[in-house]
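Notes for the one structure printed next.
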Amino acid sequence: QQKISMRGITKVFATDEMETHALRGIDLQIFAGDFVSICGPSGCGKSTLLSLLGLLDMPTEGSYQIEGQEVSGLSLSEAAFIRNEKIGFIFQSFNLIDELTVFDNIALPLRYRRNAVPKAELQERVMACLKTVDMSHRAGHRPNQLSGGQQQRIAIARALVGSPALLLVDEPTGNLDSKNGDAVMDMLSELNSNGTTLCMVTHDPRYADMASRKLHLLDGRILDADGTPLSQQAQ
Ligand code: ADP
Ligand code: ADP
């Protein structure tokens, strides 16, 4: 089952002085159960690609379909609804809200649904996700009472609670020591074994190797296994 299809995606950032071609013709398919990693030097377009995949921004050109629905022409406010239902995010910096309990942080994506999730179902889903990341005993704590590794596990639970079609993961271990980093990666790997579809940006070759498919990005293009930009090859 195809989750994601990008065809000929470009992204140009234009100011009065200059144009930056951040993405130059991305073709990318992601299928149910894939674990895709994206590597490449600073400035090659990784963050731009993740923010387009996550509907945080729109491409300049090209087609983008999520589960068969064309989303590239949507306004950002329409896109926000689809993002909330189809995409989970895990960031380097956890991005938890310190004023909310762990429970309420995880519940947030459900509370922003277009159709309200009944209270009992919300409770059940949040607790199930807390159990998945082995943090059930911390539901009432605040994020700043937890270690970095524990906070990232809460962020994983928050990303899972809406049963997203795709989990986007940006340098998940960047703020963790190697022990906690390995634990978070083992957890992501196990989620993938249980069917979660993942797309992860990482600088760490060991973690990139855990993916079922490794993509290398250079200067806004995906390279093939020989290091040739795919979009420059004869069709
Ligand atoms: P990476 O995540 O691989 O480091 P980015 O996707 O952040 O790369 O950036 C790709 C290119 O696009 C870079 O040249 C960067 O300077 C440029 N860029 C990214 N975001 C913007 C923006 N909002 N405005 C202008 N240029 C941008
Ligand atoms: P970086 O790639 O520089 O480490 P992050 O991982 O924090 O940055 O964020 C990756 C992308 O997601 C960026 O384009 C950023 O603007 C966006 N972003 C970060 N936090 C949020 C958020 N809470 N909601 C929506 N977008 C976010």
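The values are calculated or read from the model by the stated rules, or taken from the named source; none is laboratory data. Worth saying up front: this structure is predicted, and the values here are computed from it rather than measured. Cβ: placed from backbone, ideal geometry, glycine included. Neighbour counts: every protein chain shown. What goes into the accessible areas is simple: the full protein's heavy atoms, side chains included, and nothing from ligands, DNA or RNA. Shrake-Rupley method; radii C 1.70, N 1.55, O 1.52, S 1.80 Å.
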### Query
What list of ³J(HN,Hα) values in whole Hz, one per residue of the stretch 193-199 in order, does the Karplus curve 6.51 cos²θ - 1.76 cosθ + 1.60 (θ = phi - 60°) give from phi, with Gly and Pro shown as x?
4, 8, x, 6, 8, 10, 9
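Rank these residues by their accessible area, most exposed first, probe 1.4 Å: Thr101, Thr197, Thr20. Working shown, then result.
Values: Thr101 30, Thr197 5, Thr20 60 Å².
Putting Thr101, Thr197, Thr20 in descending order of accessible area: Thr20, Thr101, Thr197.
Heavy atoms only, probe 1.4 Å: what % of the accessible area of the stretch 74-170 goes to carbon and sulfur, would you let me know? Walk me through the intermediate numbers first.
On the way: 2310 of 4650 Å².
On the stretch 74-170, the fraction of accessible area on carbon and sulfur atoms equals 50 percent.
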## Note on the structure
Correct response: the longest run of the chain lacking exposed GluC sites (Glu not before Pro), defined by DSSP loop and at most 15 other Cβ within 10 Å, is 100-235
### Message
Could you tell me the center-to-center distance, by alpha carbons, between the stretch 70-95 and the stretch 12-37 in angstrom?
### Response
16
#### Entry: In Hz, Karplus ³J(HN,Hα) per residue of the stretch 6-12 (6.51, -1.76, 1.60; θ = phi - 60°; x = Gly, Pro)
10, 10, x, 6, 10, 9, 10
#### Entry: Residues with amide H under 5 Å from that of Met200, placed H, sequence gap 5 or more
Val36, Ser37, Ile38, Val169
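Local charge sum around Ala157 (other residues, Cβ-Cβ under 14 Å, Lys/Arg +1, Asp/Glu -1)?
On the way: positive: Arg125, Lys131, Arg138, Arg153, Arg158; negative: Asp104, Glu124, Asp134, Glu190.
Result for the neighbourhood of Ala157: +1.
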### Message
If amide hydrogens are placed 1.01 Å from N in the peptide plane, which non-local residues have theirs closer than 5 Å to the one on Gln29?
### Response
Met6
#### Entry: Listed peptides 35-46, 108-119 by packing density, highest first (mean Cβ within 10 Å)
35-46, 108-119
